[in-house]
Amino acid sequence: MRLGVNIDHVATIREARGGLEPDPVTAAHIAELAGAETIVCHLREDRRHINDRDVRLLRETIKTRLDLEMAATEEIISIALDIIPDFVTLVPERRKELTTESGLDIIGNRKTLQTTINRFHKKEIAVSLFLDPVEEYIRLAHEIGADYIEIHTGEYANARTFDEADEHLEKIRNAAELAGSLGLGVNAGHGLNYNNIKPIIEIPEIEEASIGHAIVSRAVFTGFERAVRDMVDLLQRYTVRNENVVPED
Ligand code: PXP
């Protein structure tokens, strides 16, 4: 499984003082050196962490893939069409939320999402939709032309008991399997950390995990490069173990 490192939290620390450090662009370069295969950032309407300069510099300087997380609003769509990220992940956005709190309302916003997907496809930019693991949403994502879905793992990550976590995991597994069977690429993210990631890695359809908070939290104690490398090692270790499983007759 590939690792996408979300660098928003590095920008959040910078914004706490309104200065130049720590620079999320430097974090992106270190993440790449440590094995990240995608750099993820969310350009919010209120620019509370990542700003326009960051996105521009990331586009110019990273050597892996840039995933721009964004709401489907005109201002941000225009910036994305100008910057040309490798792919965009469309997410819902509310001003007062601490972080993205749920998947997209794909039923209510079907038309806007479909138009937005078409606009990105005209520039050959792939589109991922951030969705809760619900069958109807996955089928609709396929119908309106999404290339990928990112399964929202927040409820799984926030589960209070093992049984509750297992229930959410089952939904994630089913959603990933359905998406894979429809030909959609599958990513997953939100609330994933060094402990709860393991069963997610074992889901064969999931290609990439998008992780921010857990990596930046560990980095405070171990350094950013080490924190990214630890996660990359974990993803590789569990993925390799899956490949070694001998299929039953
Ligand atoms: N995926 C999406 C769509 C997100 O909005 C976020 C949070 O910015 C993440 C993944 C990463 O979540 P976390 O910071 O909890 O790892």
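General remarks:
- Least to most buried among ILE13, ILE50 (fewest other Cβ within 10 Å first): ILE13, ILE50
- Scalar couplings 3J(HN,Hα) for the stretch 124-138, obtained by applying the Karplus form with A = 6.51, B = -1.76, C = 1.60 to θ = phi - 60°, are 6, 9, 6, 10, 10, 10, 7, 10, 5, x, 10, 3, 4, 5, 5 Hz; x denotes Gly and Pro.
- Residue (of LEU58, MET70, LEU235) at the positive-pole extreme of the chain, dipole from beta-carbon charges: LEU58
- With contacts taken as Cα pairs under 8 Å and at least 6 residues apart, the stretch 127-249 reaches a relative contact order of 21 percent.
- Taken over the stretch 162-209, the percentage of Cα pairs per 5 Å bin, counting from 0 up to the bin with the maximum distance, is 5, 21, 33, 26, 11, 4, 0.
- Under 15 Å, Cβ to Cβ, from GLY183 - net charge with Lys/Arg +1 and Asp/Glu -1: -4
- The chain, relative contact order [Cα under 8 Å, separation at least 6], %: 20 percent
- Whole-angstrom gap from the stretch 122-173 to the stretch 194-222, using each part's C-alpha centre: 16 Å
- Over all other residues within a Cβ to Cβ distance under 9 Å of ALA126, the charged ones net out to -3, with Lys and Arg as +1 and Asp and Glu as -1.
- Annotation: the residues LEU104, LEU43, sorted from fewest to most other C-beta atoms within 10 Å of their own C-beta, follow the order LEU43, LEU104.
- Sequence-distant contacts, meaning Cα pairs under 8 Å at least 6 residues apart, place the relative contact order of the stretch 16-71 at 40 percent.
- Applying both filters, DSSP loop and at most 13 other Cβ atoms within 10 Å, to the trypsin sites (Lys or Arg not before Pro) of the stretch 28-95 gives ARG47, ARG48, LYS63, ARG94, ARG95.
- Net charge in the neighbourhood of ILE206 (other residues with Cβ under 12 Å of its Cβ; Lys, Arg +1, Asp, Glu -1) is -4.
- Contour minus Cα-Cα distance for ARG226 and GLU167 (0.36 nm per residue): 18.0 nm
- Restricting the stretch 111-148 to GluC sites (Glu not before Pro) that sit in a DSSP loop and have at most 12 other Cβ atoms within 10 Å of their own Cβ leaves GLU124.
- Translational diffusion coefficient (Stokes-Einstein; Kirkwood radius from C-alpha pairs) of the chain at 4 °C, 1.567 mPa s, in µm²/s: 71 µm²/s
- With eigenvalues of the C-alpha gyration tensor scaled by 5 and rooted, the stretch 1-118, Å: 23, 17, 13
- With eigenvalues of the C-alpha gyration tensor scaled by 5 and rooted, the stretch 107-234, Å: 27, 18, 12
- This model, with +1 at the C-beta of Lys and Arg and -1 at the C-beta of Asp and Glu, gives the chain a dipole about its Cα centre of some 820 debye.
- Of the residues TYR137, ILE79, MET1, the one whose Cα sits farthest towards the positive end of the charge dipole of the chain is ILE79 (charges of +1 on Lys and Arg Cβ, -1 on Asp and Glu Cβ, taken about the Cα centre).
Since every read-out is calculated from the coordinates, none of them should be taken as a lab result. In this text, all values refer to a predicted model and were calculated from it rather than measured experimentally. Because the Cβ atoms are built from the backbone with ideal geometry, glycine has one as well, and the counts that use them run over all protein chains shown.
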